[in-house]
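One structure is given below, encoded as structure tokens.
The values are calculated or read from the model by the stated rules, or taken from the named source; none is laboratory data. Every value quoted in this text rests on a predicted model; they were computed, and no experiment measured them. Don't worry about glycine lacking a Cβ; one is built from the backbone with ideal geometry, like all the others, and counts go over all protein chains shown. We work out accessible area using only protein heavy atoms, side chains counted, and drop any ligands, DNA or RNA first. Shrake-Rupley method; radii C 1.70, N 1.55, O 1.52, S 1.80 Å.
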Amino acid sequence: LLLGAHLGFGYYQLNLAPQPKAPENPRIVRLVQPVIDQAAKLDDKERADIFEQHLALTQAAAENGGRRPDYVVWPETSIPFILTENPDALVRIADVLQDGQVLIAGAVRTENDSAVQAPRYYNSIYVIDSQGQIIGAADKVHLVPFGEYLPFESFWNRIGLTSIAAEIPGGYSAAPRHHILTMPDGTKLLPLVCYEVIFPDETAEFADQADAIVNLTNDGWFGYTPGPWQHFFQARLRAVETGLPVIRNSNSGISALINARGEIISGLDFQSKGYLDVALPAKIVPFLNSTTRATYFWLLECLLVLIAFFTRLSFVFKRN
């Protein structure tokens with residue numbers, strides 16, 4: 001019964017349900033997929049060239065003579081240095097962006113911690129306007145164990161084990177919670193860094209507030225394995241669950257704009273260097289909010305458990 005309901009609802013959503021009304025003046029999003037090799041990203045001599053590659057793709061002419069993009073999106077940790085320590089980089093970004101354009105980019109953010117007299121590092125998303133000003137930021141909440149931080153770090157260090165992000169002293173710090181990024185035009189984006197997008201709970205709390213999900217990742221770590229495709233398909237599920245379009249940008253692919261039903265509007269193949277301009281579709285406004293849907297889910301779960309319990313109980317009584 002549950003499987004039939006699941007498939008039936010999916011068929012209804014994809015084929016019969018009315019489409020959400022398209023925005024009158026949709027935002028144009030440019031996805032920049034630079035395909036930077038991991039070894040180059042870790043080489044200090046390559047940092048300036050990596051930054052310039054992102055800038056070149058950003059200022060390229062609009063596809064097919066179309067409208068210039070409103071948002072330009074770079075992947076996770078695409079800015080190859082501490083941005084706040086390189087004011088010239090913000091000047092270069094301002095030179096490339098046209099008036100009114102906004103850059104959404106992955107970067108490492110630092111924050112001084114006076115208690116331990118050492119900076120904290122965050123895997124972050126920056127929002128930068130055409131004046132080169134940082135107008136918004138969001139830090140990663142759900143860190144990768146052994147990749148971005150070491151559980152019981154002192155123990156592992158004693159036996160010579162460090163995290164993959166060992167170039168960050170002490171690894172990354174986690175933000176306490178997610179929050180919405182509001183663009184200058186009022187569009188509200190739910191920022192998710194890398195594999196945060198695979199967890200339904202990361203999106204449920206804010207799904208009713210946001211207009212879209214923006215997911216920046218660097219799947220170059222996986223190489224040519226099923227990993228990038230698995231990660232991408234799970235990002236599509238967040239669109240289905242929340243009714244929010246997903247702006248997904250990956251360094252090596254797969255980058256795509258996914259509509260509120262989980263359908264791919266347009267995308268860039270794995271290991272395909274380039275950029276893509278695409279209009280941001282509308283979200284689906286659900287009949288019930290996320291809290292009510294969660295309540296009904298748990299009530300249904302309780303009902304199924306009770307049915308199973310009393311069925312088993314009646315079977316025992318009959319047998320006796």
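Things worth noting here:
- For segment 253-304, with +1 on Lys and Arg beta carbons and -1 on Asp and Glu, the positive-most of A282, I258, S272 along the dipole: A282
- Helix 227-242 and the long axis of the chain differ in direction by around 60°, with both axes built from C-alpha atoms.
- In nm, spacing of pseudo-spin labels at R92 and A61 (7 Å Cα→C-beta vector): 2.5
- Loop-exposed chymotrypsin sites (Phe, Trp or Tyr not before Pro) per DSSP, neighbour cap 12 Cβ within 10 angstrom, longest uninterrupted part of the chain: 1-151
- Averaging the sequence gap over all C-alpha pairs within less than 8 Å and six or more residues apart, then dividing by the number of residues, gives the chain a relative contact order of 18 percent.
- In Hz, Karplus ³J(HN,Hα) per residue of segment 120-137 (6.51, -1.76, 1.60; θ = phi - 60°; x = Gly, Pro): 9, 10, 10, 7, 10, 10, 9, 10, 10, 8, 6, 8, x, 9, 7, 9, x, 7
- Sum of -39500 (n - 2.57) over DSSP H runs of 4+, divided by residues of the chain (222 nm, nearest 500): -9000 deg cm²/dmol
- Accessible area of the chain belonging to carbon and sulfur atoms, whole % at 1.4 Å probe: 59
- Charge tally for A94 (other residues, Cβ to Cβ under 11 Å; Lys, Arg +1; Asp, Glu -1): -3.
- Fraction of antiparallel bridges per DSSP, the chain only, in percent to nearest 5: 65
- Segment 1-58: trypsin sites (Lys or Arg not before Pro) in DSSP loop, at most 15 other beta carbons within 10 Å: K21
- Antiparallel bridges, percent of DSSP beta bridges restricted to segment 7-141 (to nearest 5): 75
- The distance separating the Cα centre of segment 234-249 from that of segment 61-92 comes to 23 Å.
- Here is the tail figure for segment 170-320: Cα pairs spaced more than 19 Å apart come to 60 percent of all pairs.
- All Cα-Cα separations within segment 232-303 were binned at 10 Å from zero, giving a P(r) of 20, 39, 24, 13, 4, 0, each value a whole percent of the pairs.
- For segment 39-47, the Karplus equation 6.51 cos²θ - 1.76 cosθ + 1.60, evaluated at θ = phi - 60°, returns couplings of 4, 5, 4, 8, 9, 4, 6, 8, 4 Hz by residue, with Gly and Pro reported as x.
- The chain: angle of helix 2-11 to the longest principal axis, Cα-based, in degrees nearest 10: 50
- The chain: angle of helix 87-96 to the longest principal axis, Cα-based, in degrees nearest 10: 80
- Proximity of backbone amide H atoms, modeled 1.01 Å from N, is registered between N251 and E76, T217, N218, D219, G220 at under 5 Å, excluding neighbours fewer than 5 places apart on the same chain.
- Total formal charge among the other residues, if their Cβ is under 12 angstrom from that of P69, Lys/Arg +1 and Asp/Glu -1: +1
- Mean-position separation - Cα centroids, segment 120-144 and segment 178-200, in angstrom: 11
- Lysine pairs within the chain, Cα separation less than 30 Å, 8 or more sequence positions apart or different chains: 12
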